[in-house]
Structures are given as C-alpha cells and as structure tokens.
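Below is one structure, written out as structure tokens; comments come after it.
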Amino acid sequence: MPIKTTCVVVVIIFNDKNRILLQRRGDDGNWCIPGGSMELGETVEETGIREVREETGLIVYNLKLFNVYSGESQYHKYPDGNEFYFVNVVFTTRNYEGILTIDDEETKELCFFELSALPKNMSKTNLPIMEDLKNSL
C-alpha cells in the first residue's frame, strides 16, 4: 500500500478543572485527542465539530486555532497496514455541551486528564502537540 497524506483535525477540549478530554481509540487502544480526517468540501472547523460529535457525543463551540503539525512527527501506521503523514490542524475550546457517548467502535473510552498525568500509551502523532500545550500554559 502506498503511503498517503491527509488533513486531520483534532480538538483539545478543556473542562472547568483545566483537564483535557482524550479518547482511547478502538483500533489500537492508544489515547488521543478527539478528531479525524477532513471530508471533501469541509472547512477545518466543520471537520473538528463533526469528528468530536461522532467520537464523543459532544457539540463544541468557539474553536481557537492552536497550531498545525506536519512532517515526520505526523507519520501514522494503522493496524490494517495503511500508512499516512497527517497535516494535523489542532484547535482548542472550553465551550461544549452534551453527554459523553462511547460508540465502542472508534472510541473505547473517554476521560479527562491532567496535562501532568497523561496516559503512557498516547498516539505518537499527539506527543508534539502535548509538549507544545504544556509549554503554552
């Protein structure tokens, strides 16, 4: 299979205790920021809102651009063998509503974490984001 490039969007959601929401992925069991691949014709904001709703059940508002990541740190190989280099657009928000909902396919678990106590099995592509987030606060 050829290696591909795709645009993904993730949304760092802060709760009122300044913890961030992470999702334990259904395909590899790693923890990551909720988000996913852009669909044709979507804006990056629309992608973030849609993906968060699909993966967590939450509706997010007032997305603020945090950073864009690309290059070697954004290489990901899925369990099915597909390989991608992501262009990863990262937003933050503190504005959300709804009830956390686990679909048990894409999402196995949802939990808010302190930045100082993140799970060890984080998706590799999220590591530079977490470092930059810690340094920005």
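The values are calculated or read from the model by the stated rules, or taken from the named source; none is laboratory data. All values reported here derive from a predicted model rather than from experimental measurement. Note: ideal-geometry Cβ built from the backbone for every residue, glycine included; neighbour counts use all protein chains shown. The accessibility values were calculated without ligands, DNA or RNA, using every heavy atom of the protein model including side chains. Shrake-Rupley method; radii C 1.70, N 1.55, O 1.52, S 1.80 Å.
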Among the residues of the stretch 68-80, write down those that are open to solvent by less than 50 Å² (accessible area, probe 1.4 Å) and either of a type in the set (Asp, Glu) or not in a strand (DSSP E or B) (or both). GLY71, SER73, GLN74
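Which residue, of PRO79, PRO2, PRO34, is in contact with a strand residue (DSSP E or B) (Cβ under 9 Å, 6 or more places away or on another chain) and farther than 20 Å from LEU118 by Cβ? Please lay out each step first, then the result.
Values: PRO79 fails: in contact with a strand residue (DSSP E or B) (Cβ under 9 Å, 6 or more places away or on another chain); PRO34 fails: farther than 20 Å from LEU118 by Cβ.
Being in contact with a strand residue (DSSP E or B) (Cβ under 9 Å, 6 or more places away or on another chain) and farther than 20 Å from LEU118 by Cβ holds for just one of PRO79, PRO2, PRO34, which is PRO2.
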Tell me which residues, restricted to the stretch 95-120, are open to solvent by 50 Å² or more (accessible area, probe 1.4 Å) and aliphatic (A, V, I, L, M). ILE99, LEU100, ILE102, ALA117
Among strands (runs of 3 or more DSSP E) completely within the stretch 81-137, the ones holding 1 or more residues that are out of contact with any Leu (no Cβ under 7 Å at 6 or more places or on another chain), farther than 16 Å from VAL60 by Cα and of a type in the set (A, V, I, L, M) are 83-93
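Quick one: which of VAL44, VAL52, VAL11 is modelled with pLDDT of 95 or more and closer than 17 Å to MET130 by Cβ? Lay out the reasoning, then the answer.
Details: VAL44 fails: closer than 17 Å to MET130 by Cβ; VAL52 fails: closer than 17 Å to MET130 by Cβ.
So the residue among VAL44, VAL52, VAL11 that is modelled with pLDDT of 95 or more and closer than 17 Å to MET130 by Cβ is VAL11.
Taking the condition of being among the charged types (D, E, K, R) and at pLDDT 95 or above, how many residues in the stretch 89-119 meet it? Full working, then the answer.
Residues of the stretch 89-119 that are among the charged types (D, E, K, R), as a first pass: 94, 97, 103-106, 108-109, 114.
Imposing the further condition that a residue be at pLDDT 95 or above reduces the set to 94, 97, 109, 114.
Total meeting the criteria: 4.
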